[in-house]
Each structure stands twice: as structure tokens, then as C-alpha cells.
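Presented below is the structure to which this report refers.
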Amino acid sequence: MKHINAEVITIGDEILYGQITDTNSQWISAELDKIGVRTIRKTSIGDEKQEILDILSEAQKRADILIFTGGLGPTKDDITKKTIAEFFNDTLEINQDALENVREIFESRGFELTEINRQQAFIPTKATYLNNAVGTAPGMWFEENGKVVISMPGVPFEMKYLMENQVLPRLRKHFKTPFIVHKVIRTVGIGESFLASKIESWEDALPPHIKLAYLPSLGQVKLRLTGFGDDKEKLKADIEAEAEKVYPTLGKNLFSKDNEELELVLADLLLKENATLATAESCTGGYLAHTITANAGSSAYYLGSVISYSNEAKMNLLGVKKETLDAHGAVSEETVIQMAEGARKALNSTYALATSGIAGPGGGSPEKPVGTIWIACAGPEKTVAKKILSTKTRLVNIQYGSKSALALLRKMILKEI
């Protein structure tokens, strides 16, 4: 079955200037994926007539569906509707359904319909009007030479309404699309290149209708299996069968077969053990606690945190010895071990995690450059510490230190260390 491809184009100078974030194209792509339509390109362009005409001409050569958002307002800088009409050698005429929708919206808000807002009801004669019940800008559907061009307002809640109630149902009827099925496997503690080498023979043996993508992030690499086919249930079974083949090779690096976040996997492990967790944070400044408590139900196993940013807090709240700080410094194996053990004792928890490092951008030295982070996990039987080297970017260091601490806890619970 032929793949149906889409291109998503967002229009607006404010997007190019970085004044607003384009969330529309990401959401649209995810919804298209659910109905078997593959997004092959996303483009952002300004409110320029020639830019719109050029992208219309170019995109029709490579995609079956073109989806535009933005530029449909009543003001002079909103030129999308007129430009698309020009592209299709069309004219704008009043659409009675659109006019009634605009009138109802204004009357419901206690306003009179002005001439400028009446202009919203003008749409190209070749377009199928898509009723926007939550806004005044109309949606428009064009068909030409087997291609579909869709134009929607850029306001996210209006766009989503049109997609869910008008566009997606029409696309399902218009195109016979294959099913697209994804499965995401999560790994930790192994870099992308090392992982690729480890599973190379398995990847090479994947059947043609199943593709593999590597999605690296802080301390983790996700493996996404994507299958295309006419039989959804068979496709799911095929993907599961291929995934089962690689699990033994991934070994201890595998932490989720179902795209679960590491903190959710840890929650299950802690609950099964009837165990509790505490944290002591210096360089991560509470981010580790935030990561844990962002999950509903974390109160069942998480007891609390001590954010000991200063040496005085480390000594007074966690019992870190002054001699340790004087001899080794706050960013050291010895200090982070005493922090973890102090937190475990202070909060009477089964396990405790601790972080101490140089988040940056200042404060580094040749011996301890920015990005040097010590993490530790204290448990019933022992305490383990590990040094990690991150980047010179503060937020990345905070996030990476937190994720690395969680990965260390997982190893401790599973008795892999």
C-alpha cells in the first residue's frame, strides 16, 4: 500500500522571530501518525505572499497532504487566505455558513459584527468550508490533482478543534492509509554508538516493513521500532516478536519495554520492595526531588529531600564532617557518600540519593571542571558513589545529574552494583 505523506507548514513572522513556540506542527504530526499518515517535512515561513506561493508549489511535488496553520485573521498582515486563492486561480466570496458562524460568535460575546470581522466569512470558491465553532477564522479544504491542501487558524485550540472534528475524519475517508505502529524500548547506561554496535546484527536482520530509530537523550537511548502495514494486529505482533529478540542482548541496559520513564520504573521497584527513598541535593538544587514527585502516587515511597546547597547545610542537616569538606571539598566522593548516608539516617528511608557537583557556568578548576558531578546511593547494605562528567551547560548538568542518580538507584535495587 502506498504511503500517504504530509507536509505541515506554519505561517507567521512571530514564529520565525522566536516570539512564540510552534506547538502546532508537533501536535498535528502526532495526530496524523495515528491515522497512518506520515509527516515528511515541517516548514515555518513568514507572512510573505511569495513564500506561501513557493511552498505551495514545492510541497505539492513531494506530499499528498499540505496542512497550513496561521495567517487567517481579519487584519492586513494575515494574507494566507488571499494567497492560497491566488495559487488556485480562485476568487473570494462570502460563505453564508461561515458568515452565520462569525455572527453567532460575536453575538454570544455581546459584540456587534463589524465589517472587518465580516471579512472572515469570505473564502475561496474552490474551497470546502470547514466550520470553526470555537473561532471566527474558517478552515478550508482544497483538492487538486489528487492532492489535498488544508488551511486552518494558527490559534492552537482552534486548530485542534478543526483537526479533531473536521480534518482527521475527512482524511480518513479520502485516503486509504496503512497502519503505522510504534514501539519504544528504553535503555540506560550505554551511549548511542556503543548500543548500535551491540545490536548491529539484530538491526540488520529486521524485516523491510519495520524500521529502527535511535533517540538519545540525557543518560538514555530510546529505540523506536516503527512498522507499516495493512493489518494492525499482525503489525503489532511482528514488532513485539522483533523486540523480544533484542532484549537478551540489551541485558542490564534495558529498563523499559513500554516507553516508561525511569522514575516510573523506579516507583514500581520501590513499591514491590515496600521500600522508601530520600534525597540530598547540592548541585541539582531540588530538581531530583521534582523529577520524583512529578509522578502521582510518589508519596507512597518518597519521604523528602534535604537541599544542602552550602557546606553549612551539609554539615548541620546531613552530618557531613568538616574534616571531609576541608580535605576533599564539597564535590568529592567522600562528601557525597556522607550526604547520602546522612539523608538516609535523617529521613529513616530504605534508600537515599545524593548529588554534589559543579553545575557552572563558573566555579570550575583544572582538577574539577564545570560538569564534574558526584552522585551516591545509600542502601541497607552499602553505599555506592560514582563520578560523572557532563557539559558546561548548567541546566543540562542539573538534569543529567538527576537522571544519573536515578539510574544508580535502579542498579542498587536490582543488586547490579
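The values are calculated or read from the model by the stated rules, or taken from the named source; none is laboratory data. These numbers were taken from a predicted model, which means no experiment stands behind them. FYI the Cβ positions are ideal-geometry reconstructions off the backbone, even for glycines, and counts take in every protein chain you see. These accessible areas exclude ligands, DNA and RNA; they are computed on the full protein's heavy atoms, side chains included. Shrake-Rupley method; radii C 1.70, N 1.55, O 1.52, S 1.80 Å.
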Got a sec? Charge dipole of the chain, +1 on Cβ for Lys and Arg, -1 for Asp and Glu; which of 79, 325, 67 is way out at the positive end?
325
Output the direction-averaged projected area (hull surface divided by four) of the convex hull of the alpha-carbon atoms of the chain, in nm².
26.2 nm²
To the nearest 500 deg cm²/dmol, what mean residue ellipticity at 222 nm is calculated for the chain from DSSP H runs of n ≥ 4 alone, each contributing -39,500 (n - 2.57), summed and divided by the residues?
-12000 deg cm²/dmol
Unit charges on C-beta of K, R, D, E only; dipole of the chain, Debye
1340 debye
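How much accessible area per residue does region 313-402 have, in Å², with a 1.4 Å probe? All intermediate terms of the calculation are to be shown ahead of the outcome.
On the way: 4260 Å² over 90 residues.
So region 313-402 comes to 47 Å² accessible per residue, rounded to a whole number.
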In Hz, Karplus ³J(HN,Hα) per residue of region 4-13 (6.51, -1.76, 1.60; θ = phi - 60°; x = Gly, Pro)
9, 9, 10, 10, 10, 10, 9, 10, x, 4
Whole-angstrom Cα spans of region 357-409 along principal axes, big to small
37, 21, 11
Between residue 320 and residues 5 or more places away or on another chain, which pairs have amide H atoms under 5 Å apart, with H built 1.01 Å from N, and which residues are they?
315
Tell me, what is the 1.4 Å probe accessible area of residue 328, in Å² to the nearest 10?
80 Å²
Efficiency of FRET between residue 175 and residue 241 - r from beta-carbon atoms, R0 45 angstrom, step 0.05:
0.95
To test your reading of the geometry: what angle, between 0 and 90 degrees and rounded to tens, separates the Cα axis of helix 24-34 from the longest principal axis of the chain?
90 degrees
Eight or more residues apart or on different chains, and alpha-carbon atoms under 20 Å: count the Lys pairs in region 247-348 matching that.
6
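Restricting to DSSP loop positions (anything but H, G, I, E, B) with no more than 12 other Cβ atoms inside 10 Å of their own Cβ, which chymotrypsin sites (Phe, Trp or Tyr not before Pro) remain in region 217-287? Write out the running numbers ahead of the final one.
Details: sites: 228, 255, 287; in loops: none.
Loop-located and lightly packed - none at all.
Using a simple charge model, +1 on the beta-carbon of Lys and Arg, -1 on the beta-carbon of Asp and Glu, nothing else, what dipole does region 224-354 show about its Cα centre, in debye to the nearest 20?
Charge dipole of region 224-354: 340 debye, to the nearest 20.
Relative to the Cα centre, what is the charge dipole magnitude of region 305-417, using +1 at the beta carbon of each Lys and Arg, -1 at the beta carbon of each Asp and Glu, and rounding to the nearest 20 debye? Don't jump to the answer; show the numbers that get you there.
Values: 15 positive and 9 negative charges, 74 e Å.
With only Lys, Arg, Asp and Glu charged at Cβ, the dipole is about 360 debye.
Given 0.36 nm per residue, what is the gain on full extension from residue 193 to residue 293 after removing their alpha carbon distance, in nm? Write down the numbers at each step before the final one.
Details: separation 100, 0.36 × 100 = 36.00 nm, distance 3.23 nm.
Separation in residues times 0.36 nm, less the Cα-Cα distance, equals 32.8 nm.
Considering every Cα-Cα pair within region 41-195, what fraction, in whole percent, is farther apart than 22 Å? Mind showing how you got there, number by number?
Numbers: 5610 of 11935 pairs.
So the portion of pairs separated by more than 22 Å is 47 percent.
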Two pseudo-spin positions, 7 Å from Cα along C-beta at residue 160 and at residue 5, lie apart in nanometres by 3.0 nm
Against the longest alpha carbon principal axis of the chain, how many degrees, from 0 to 90 and to the nearest 10, is the axis of helix 232-250 turned?
30 degrees
Computed E for residue 126/residue 253 - FRET, C-beta separation, R0 56 angstrom, nearest 0.05
0.50
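Is the C-alpha gyration tensor of region 151-191 telling us rounded, prolate or oblate? Criteria: a/c under 1.5 is rounded; beyond that, a/b larger than b/c is prolate, otherwise oblate. Provide the component values of the computation, followed by the final result.
Working: a/c = 4.51, a/b = 1.73, b/c = 2.60.
Taking the square roots of the gyration eigenvalues as a ≥ b ≥ c, region 151-191 is oblate.
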Roughly what % antiparallel, to the nearest 5, for the DSSP beta bridges in the chain?
60 percent
Scan region 49-118 for chymotrypsin sites (Phe, Trp or Tyr not before Pro) in coil per DSSP, keeping those whose Cβ has at most 14 other Cβ atoms within 10 Å, and list them by number.
111
Say the dipole of the chain comes from +1 at the beta carbon of Lys and Arg and -1 at that of Asp and Glu; which of 94, 297, 114 then lies farthest toward its positive end?
297
State the extension gain, in nm to one decimal, for the chain segment bounded by residue 89 and residue 274, taking 0.36 nm per residue of separation less the distance between their alpha-carbons.
59.6 nm
Region 59-105: radius of gyration and largest Cα-Cα distance (Dmax), Å
13.2, 40
How long, wide and thick is region 255-402, going by the Cα atoms along their three principal axes, in whole angstroms, largest first?
42, 31, 22
For region 1-98, take every pair of Cα atoms, bin their distances at 5 Å starting from 0, and report each bin as a whole percent.
2, 12, 22, 22, 19, 14, 8, 1, 0
Those GluC sites (Glu not before Pro) in region 314-417 that DSSP places in a loop and that have at most 11 other beta carbons within 10 Å:
367, 381, 416
Percent carbon-and-sulfur accessible area, the chain, ignoring ligands, DNA and RNA, probe 1.4 Å
50 percent
Once ligands and nucleic acids are excluded and a 1.4 Å probe is used, how much of residue 394 is accessible, expressed in Å² to the nearest 10?
100 Å²
